[in-house]
């Protein structure tokens, strides 16, 4: 299933445009494809960064952060480790983690 595309225009530095052209040539594809891939990667990185920041600020649980960022729980735990963000382990946060995991697991089984 192909996703609907829309046109967006933006001014970028000449050096960035040249780099996009080099990447497209190297991959044997068009500039639009390269830009879409780069944008998708940047957006994913931003979602992960935002989720990690919210965990660090203790605004959301690790489970919710994984869901928000579009990664697995294990991937989120690994991201916490690599960024030296401590895992929230207070009793209240641990209960909240377990509750979210069981609620999400139960609701996914019933779908």
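The values are calculated or read from the model by the stated rules, or taken from the named source; none is laboratory data. Computed from a prediction, not measured in an experiment: that's the story for all the values here. Virtual Cβ from ideal backbone geometry, glycine too; neighbours counted across all protein chains shown.
Values as computed for the structure displayed
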quantity	calculated
Matching residues, segment 74-94, being part of a helix (DSSP H, G or I) and modelled with pLDDT under 80	91, 92, 93, 94
Residue within segment 42-51 that is in a loop (DSSP other than H, G, I, E, B), exposed (fewer than 13 other Cβ atoms within 10 Å of the Cβ) and at pLDDT 95 or above present	no
Output for segment 100-110, where each listed residue is within 23 Å of the chain's Cα centre (by Cα) and either farther than 21 Å from residue 53 by Cα or at pLDDT below 65 (or both)	102, 103, 104, 105, 107, 108
Scope segment 19-32; condition in a helix (DSSP H, G or I) and surrounded by fewer than 14 Cβ atoms within 10 Å (Cβ to Cβ); matching residues	21, 22, 25, 26, 27, 31, 32
Given (1) touching a helix residue (DSSP H, G or I) at 6+ places or on another chain (Cβ under 8 Å); (2) in a helix (DSSP H, G or I); (3) under 30 Å from residue 97 (Cβ atoms), number of the condition residue 71 does not satisfy	(2)
